[in-house]
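Read through the structure below, which is laid out as structure tokens, and then see the notes.
Coordinate-derived values only; no laboratory data. Every value quoted in this text rests on a predicted model; they were computed, and no experiment measured them. Neighbour counts are summed over all protein chains in view; Cβ atoms, including those assigned to glycine, are modelled from backbone coordinates with ideal geometry.
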Amino acid sequence: MYVGCVIHTEQQKALLEWWKTSCRDLPWRKTRDPWAVMISELMLQQTQVSRVIPKFESFLKKYPTPMKCSQVPVARLIEEWAGLGYNRRAINLHRTSKIIVESHNGKVPRSLNDLLSLPGIGPYTARAILCFAFEEDIGVVDVNVSRVLARVSGELVPPRGMQEKADDLVPQGKGWTWSQALMDLGSVVCTSRIANCHHCPLEQFCQWRGEGNDPAQPKTVPDAPNGKFKGSDRQGRGRLVEMLRDRTVVASELGEVMGWKDDPERCQRVLMGLIKDGLVECNAKKEYSLPR
């Protein structure tokens, strides 16, 4: 056995032992139902765990299968999505449920290519479903896992290389536990702001250990002029959709609802984007509502 393999084995043992007493109690970890796992992954995209937990449990009680989800108007899902942000995910979920029913006999597919063909399912989400629902031994690389692997190895590599690195580290037959453990490590110990190296089970294997430049940070950080939410187009979109969850909105109300009373052109531009995305519909009376 070569040295690299020995190191991998010791890393695996150390992390898995740590996770036995440090794992987070999350509802989606108690199931292997592919539909439930898919729902959790879609809800968790850029949304805090604490906000997702009650929504996840409530949603599954109402829509426990793709069939149930596909049979309701998409407006119902947008209403259920309140508080999770990025409402387009609700539309993608509705479209996905219909495809699963029509093309996969009502069952979430278990091949990577089939999963990637579903609306709103990207490389990370597809692999997460394969690992967390079907227990395949593949690496699942989210932002937390990428950070941990970059710091331990001492280098930040492109996504494809990071995926290969993650796949290589998965212990045979323990892909589910390994990936959950890596995510927890990145979420509570090796965080973006604070690296609690002395509490990390991988400290002895880490090439960084909190000293010098952080390998998880790119050498040049691009400007993010659109990063602020307040006053952004996304805030205006969210305000309108939130109001439409309660009632229809007429054209004369758009400025007040969206927060741009003195900018009708911006209201119209953002409104057209919502209509294009399938989040808003307009009738002959110029009344706007969630899609039916």
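At a glance:
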quantity: Single match in ALA181, ALA216, ALA195 (criterion: touching a Gly at 6+ places or on another chain (Cβ under 6 Å) and surrounded by 13 or more Cβ atoms within 10 Å (Cβ to Cβ)); calculated: ALA195
quantity: Answer residue from segment 254-287, given it is of a type in the set (Asp, Glu) and touching a strand residue (DSSP E or B) at 6+ places or on another chain (Cβ under 9 Å) and is surrounded by the fewest Cβ atoms within 10 Å (Cβ to Cβ) among those; calculated: GLU287
quantity: Output for segment 113-157, where each listed residue is farther than 25 Å from LYS30 by Cβ and buried (at least 16 other Cβ atoms within 10 Å of the Cβ); calculated: ASP114, SER146, ARG147, LEU149, ALA150, ARG151, VAL152, SER153, LEU156
quantity: Qualifying positions in segment 101-112 - within 20 Å of the chain's Cα centre (by Cα) and surrounded by 15 or more Cβ atoms within 10 Å (Cβ to Cβ); calculated: VAL108, PRO109, LEU112
quantity: Residues satisfying the stated conditions in segment 258-286, i.e. part of a helix (DSSP H, G or I) and either over 24 Å from PRO73 (Cα atoms) or in contact with a Gly (Cβ under 6 Å, 6 or more places away or on another chain) (or both); calculated: MET258, PRO264, GLU265, ARG266, CYS267, GLN268, ARG269, VAL270
